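Inspection log for the structure reproduced underneath, given as structure tokens.
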Amino acid sequence: MRFARISTRLIAGLVTHLAFALGASAFEIEDRRQYPAEDGARELRIISTADAPVFEPIIRAFQVAHPDVAIDYVIASSTELMKAISEEEADFDLAISSAMDLQTKLANDGFALDYRSEATDALPKWAKWHDQIFAFTQEPAVMVIAEGAFANRPAPRTRDDLIAMLRDNPAEFDGRIGTYDVRISGAGYLFATQDSRNTDSYWRLTEVMGRLNAQLYSGSKAMIEDVAAGRLALAYNVVGSYAAQRLADTPGIRIVPFEDFLSVMLRTALIPKNAQNIEDAGRMIDFLVQLNQREDIEQETYLAPVNAQSLNENNAARPIRLGPGLLVFLDRLKKETFLRNWENAIVQK
């Protein structure tokens, strides 16, 4: 075996942010959770884009199997995670992100260590890259709607349906559409660039949402909360696992998976080159890539583990593949052009 905002809810999160800042680090964190071990012999430091309620069941289950490993879990946006590893070279042992393109860039630029085990060897080829990046979930980008806003009309099933509905009912949807601000959200930028590759409708939809004063967000969680509260009629391209988790205890919202195509993101993990606890980082990767053996965790987190069969059975699924193709839209000139076109479409002054 080889080895967009700071949360104001938890004072601990603010203290942690100050600690990182005083330590000459410039990246922002949203939250920090610490999970002590019974025998605290070793510590595994994780930086992740996954909210604590989503990932905590995985941490708890891992500690049942490895009771001597304490875990320091730091939550940051995908862009701040990128900054922490590539610019600050912070000494995290594991980096977990929903932004597959940024993870690929980290590995491509030499910021990831090789790791290989029986568990990673068993992954499908499309779910890993260069024995450095390992996918452990497959999560679709979906639309979430407020059922009250669709009481008298069917929910759109394709992007063309959505465009037509918004154009025909501007007064009802003005200011009540949510989507990512792709300038600050790594996952949002990934979904947007993949949409632009998959359909010509993407730019027409972006322009329509812009004319209707779409509200821009840094992450899925806030969008889903505003749909649940009735402030939004719909949220476009949110991460399906977060939507499913919220749907379980929130009446009045519904998930709409598009039938023209469904972008499927792979949540991935890598071991940064400055990792101190490589051994336990490898153990956590093995645990993650074998989540398909833990139905209990899937039911609690709503994270769908990597499963080639389920993707093959869904004709609309368009899995986003790991590999150098993800670097295309990270080229400086291409990214500047994409963001300029996006701003012109959605920020209409």
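The values are calculated or read from the model by the stated rules, or taken from the named source; none is laboratory data. All values reported here derive from a predicted model rather than from experimental measurement. Cβ placement follows ideal geometry from the backbone for every residue including glycine, while neighbour counts extend to all protein chains displayed. These area figures cover heavy atoms from the full protein model, side chains too; ligands, DNA and RNA do not enter into them. Shrake-Rupley method; radii C 1.70, N 1.55, O 1.52, S 1.80 Å.
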- Item | Equivalent ellipsoid dimensions for segment 82-215 as semi-axes, Å, which come from the Cα gyration tensor, largest first | 37, 17, 13
- Note on the structure: From DSSP H assignment alone, runs of 4+ in the chain each adding -39500 (n - 2.57), the sum over residues rounded to the nearest 500 puts [θ] at 222 nm at -12000 deg cm²/dmol
- Message: If you wrap a convex hull around the alpha carbons of segment 253-331, what volume per residue comes out, as a whole number of Å³?
- Response: 171
- Once residue 91 and residue 347 are pulled to full extension, the length gained, defined as 0.36 nm per residue separation minus their Cα-Cα distance, is 88.3 nm
- Rough spin-label spacing in nm, given labels placed 7 Å along Cα→Cβ, for residue 200 and residue 26: 4.3
- Net charge, residue 166 excluded, C-beta distance under 13 Å - Lys, Arg +1, Asp, Glu -1: 0
- Given unit charges at Cβ for Lys, Arg (+) and Asp, Glu (-), the dipole magnitude of the chain about its Cα centre in debye, nearest 20, is 1000
- Scaled by the rule-of-thumb 2.2 N^0.38 Å, the alpha carbon Rg for segment 205-292 gives a ratio of 1.47
- Message: Charges on Cβ only, +1 for Lys and Arg, -1 for Asp and Glu, centred on the Cα centroid of the chain; of 27, 242, 212, which one is farthest towards the dipole's positive end?
- Response: 212
- Dipole size in debye (nearest 20) for segment 207-273 around its Cα centre, Lys and Arg Cβ +1, Asp and Glu Cβ -1? 260
- Message: What is the percent carbon and sulfur in the accessible area of segment 256-349, measuring with a 1.4 Å probe over the protein chains and ignoring ligands?
- Response: 42
- Task: Take the Cα atoms of segment 18-170, find their three principal axes, and give me the spread along each one in whole Å, biggest first.
- Result: 61, 39, 34
- Taking 0.36 nm per residue of separation between residue 292 and residue 339 and subtracting their Cα-Cα distance, the length gained on full extension comes to 13.2 nm
- If one puts a single equal scatterer on every Cα of segment 145-208 and applies the Debye formula without solvent, what log₁₀ I(q)/I(0) results at q = 0.12, 0.25, 0.28 Å⁻¹? -0.34, -1.20, -1.30
- For segment 23-131, what % of the accessible area comes from carbon and sulfur atoms, probe 1.4 Å? 44
- Message: How far apart, in nanometres, would the label points at residue 321 and residue 254 be if each is projected 7 angstrom from Cα along the Cα-to-Cβ direction?
- Response: 3.5
- Message: For a quick size check, give me the Cα extents of segment 186-252 along its three principal axes, largest first, whole Å.
- Response: 36, 24, 18
- Message: Accessible area per residue for the chain in Å², computed with a 1.4 Å probe and the full protein assembly in place, what is it?
- Response: 43
- Mind putting together the pair-distance distribution for segment 42-93? All Cα pairs, 10 Å bins, whole percent per bin, short to long. 25, 49, 24, 2
- Query: Using r as the Cβ-Cβ distance of residue 38 and residue 279, and R0 as 22 Å, what FRET efficiency do you calculate, to the nearest 0.05?
  - Reply: 0.75
- Query: For the charge dipole of the chain, defined by +1 on Lys and Arg C-beta atoms and -1 on Asp and Glu C-beta atoms about the Cα centroid, which residue among 163, 233, 78 has the Cα displaced farthest towards the positive pole?
  - Reply: 163
- Cα-only radius of gyration and Dmax that characterise the chain, units Å: 19.9, 63
- Message: Below 14 angstrom from the Cβ of residue 73, what's the summed charge of the other residues (Lys, Arg +1; Asp, Glu -1)?
- Response: -4
- If packing is taken as the mean number of other Cβ atoms within 10 Å per residue, what is the order of 49-57, 160-168, highest first? 49-57, 160-168
- Quick one: how many lysine pairs in the chain have C-alpha atoms under 23 angstrom apart, if they're 8 or more apart or on different chains? 14
- Query: If you take the charge dipole of segment 41-143 about its Cα centre, with +1 on Lys and Arg Cβ and -1 on Asp and Glu Cβ, which of 127, 66, 53 is farthest toward its positive end?
  - Reply: 127
